[in-house]
Structure formats: C-alpha cells, structure tokens
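Visitor: Let me give you the structure first, and then I'll get to my questions.
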Amino acid sequence: MRRGLVAIAAAAGVLCLISAPTACYLSRGAWEEAKILRRREPIPDVIRSPGTPLDVREKLKVVLAAREYAKDSLKLRTKDSFTTYSRLDHDTLVLVVSAAYRDTLKPYTWWFPIVWTVPYKGYFDFDAAQRDSKKLFDQGFDVYVRPSDAFSTLGFFNDPLLNTTLRADSLTLANTVIHEVTHNTFYAAGQAPFNESFAMFVGARGAAAFFRSRGQEAAARRLEAEWDDDKLLASFWSRVIRSLDSAYAAHPESKAARIEARDSVYARTRVALVAEIAPQFKTINPIYAQRVTLNNAALLARRVYATDLDVFDRLYVKEGRDLKRTIGRVIALAKSDTKHPFDALKKWAG
C-alpha cells in the first residue's frame, strides 16, 4: 500500500509540473485520496477498540452489515469498500460547486478523465472552491456550493468510511453505503444524472430492504417515507424546469427579458413550495421550503440526483418488487442505449 501511495504522490507532482490548472486540481485530489487511504483502519479493529464510543460501534456494525447485504442480497460490486475507516482533520469532506447559465437551463460543465463531462466539481481546497465559485458568478453564471460528506472512486480504490459520513444516523449510513457501491457496480460515462438517480433509487430501496431483513420495520418505513419525499421533490423540480423552459422560449431575442421571466418563475416556485409541497412532506422539515436555494445552478444540481425517479420505481413494480432483479434490468437497459439510458428505461417500463 505504501508503494501505491508514493506512486499517487509522485503522479500528483508530475501532473502539477507538466500541465495547467486541471492537472493541478487532479493532483490535489490524488494527494487527498492518498491521505485518506493512508489513514485507513479495519472497521472491526475500530469496533473492538476500547476507546471507541458505544454509539460509534453500533453505527460501524450497521455499515458492515449494510455492505454485506448489498454484496450478498443485491449482488452489488462492493470489493473492499467500507471495510475500513479513515478519520479526517475536518468535518467536511469536499465542497461541491455547480454552475449554470442564467438565461437558459444549461449547466456549466467540467471534463475529467474516466468520468468525462460532469456538471459539478468537488474541492478538497475550500478556499479554491469559494474563489472559483465567485469567479463563475462574476462571469454571469448562477452558482451553487454545497458540502458533501462522501464520494465514490468507482471501485478504483477501496473506499473507506469517513468520520464525515459517520455523523449521520444509521438509516442514512446504510443508504449511503448502498448508494456508493452502486457506483462501483455500474457507472455510465458522461451520464451523471442517470448514475446519481439510479444510485438514489438503489440506496433508498436497498436500505429499506436491508432494515426489513433485520426485522426493523419502523426503520424500513421511515426510509420509504424519505424516498416518497425524494420523489415528490423530483416531480416538483421537473415542473419548475418545464416552466423555465417555457419562460425562456417566450423571449428568444432578449437575454434581459429571459432573466426577468426566470426571476418570476422562481418567485412562483417559492410560493408553491411553501403552500403546496411542504404540507405533503413526510420526513422533511417544512422550513426547507422557505430556505432552499432557487437558481438555475441549484435546480440543475438537484436534477442530477432526482431525474425520473418514478421511472425506477415503475421498473421495480414491473419486476415484482425484486430489487436485485430490478438493478440487473436497469443496468442491461442502460447498456443497450449508452447515450440515452433514461429513454431505454422509459420504453421498457411502458
């Protein structure tokens, strides 16, 4: 492992020397990943350690059990992900920056090797995240910055559980583990909304099935209620997107008019969130409706994780609510149309 870490560090240095900001950004990511890997401890050792608090032990046991459920019952590719634990020096893993044009629903994108084009960028350097987001804002883009406490290396490394993730409750931990190993199992290059929405579905349905298999019916019902809220918001954001598309189309010749129309749509969106959507929440605090950021970058960022969630559920029902079989079906359909995986799913779902 030490040789591997040295190789990562050496590659990081070479990247920074031979190329431009993208290479230096990747080198910083490689360096931070090396630090995370270097600090790994086997989770069973952490559980047995007398210095580990009881509540942490119980959460770590849930992580291992959820991982085994994903591997044995759902046949997800876990490799050795989430068998180790790494403690960071800070309580936020990365800041994720999204940006979008203000007068059209078009995301600002970044290109990276392997994953290709993505509509977001994660920063281990928080100052750099704030500088770059300000630069994008000054250039006329909508910007949305949010923290993230977990990520997947798509199986290239055996991702450890991080202390930033461990702050969550046991239900969220199980969801997160199953979500992330879904990325290990299948990742469609250049299809971020499909990948994240698929993982959202598998994480939610998989965590509920995991707790139900342990006889924890209340936990399973809570996760299903959270999934219902996710689908409710996904449907609402789709409505907002259609309203924005119509508003922009009504003013093809004037950027100023398009931005004014956009602001009007978001004003109505806030009213609808508070008056129409919030009363339907099962698990989300209604204050969310009053405070959630409303701009194109935030909307498109949410869309990445919440595109056509109901389609996955339609396939789930069609497959007799057999989650393992549904996962296999989704992957096969996505492979059949790599450029338009959602179209393949919708066609099959009917």
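The values are calculated or read from the model by the stated rules, or taken from the named source; none is laboratory data. Because the structure is a prediction, the values reported are computed rather than measured. The area values use the complete protein model at the heavy-atom level, side chains included, leaving out ligands, DNA and RNA. Shrake-Rupley method; radii C 1.70, N 1.55, O 1.52, S 1.80 Å.
Visitor: Could you pull out every whole DSSP H run in the chain that spans at least 15 Å of Cα extent along its own axis and averages 1.6 or higher on the Kyte-Doolittle scale? Intermediate results must be reported in sequence, preceding the final value.
Guide: Values: long enough: 2-18 (24 Å, 1.79); 21-38 (25 Å, -0.31); 54-72 (27 Å, -0.35); 126-138 (18 Å, -1.08); 170-185 (23 Å, 0.11); 192-213 (31 Å, 0.50); 217-249 (48 Å, -0.41); 255-272 (26 Å, -0.54); 323-336 (20 Å, 0.41).
Those that pass (Cα extent of 15 Å or more, hydropathy at least 1.6) are 2-18.
Visitor: Sticking with this one: Can you show me the helix-derived [θ] at 222 nm for the chain, built from DSSP H runs with n ≥ 4 at -39,500 (n - 2.57) apiece and divided by the number of residues, rounded to the nearest 500.
Guide: Numbers: 15 runs with 214 residues, N = 350.
Calculated mean residue ellipticity at 222 nm is -20000 deg cm²/dmol.
Visitor: In addition: Take the solvent-accessible surface of the protein heavy atoms, probe 1.4 Å, and return the percent of it on the chain that carbon and sulfur atoms account for.
Guide: 54 percent
Visitor: Let me know the shape class of the stretch 218-259, please: from the alpha-carbon gyration tensor, a ≥ b ≥ c as square roots of the eigenvalues, rounded when a/c is under 1.5, otherwise prolate if a/b is greater than b/c, or oblate.
Guide: Prolate is the answer for the stretch 218-259, as a/c is 1.5 or above and a/b outweighs b/c.
Visitor: Please report, for the Cα atoms of the chain, the Rg to one decimal and the Dmax as a whole number; what are they, in angstrom?
Guide: For the chain, the Cα radius of gyration and maximum Cα-Cα distance read 21.0, 68 Å.
Visitor: Mean separation of Cα pairs under 8 Å and 6+ residues apart, divided by the residue count of the chain: what relative contact order is that in percent?
Guide: 17 percent.
Visitor: State in Å² the accessible area per residue of the stretch 247-347; use a 1.4 Å probe, count heavy atoms of protein chains only, and round to the nearest integer.
Guide: I get 54 Å² per residue for this part.
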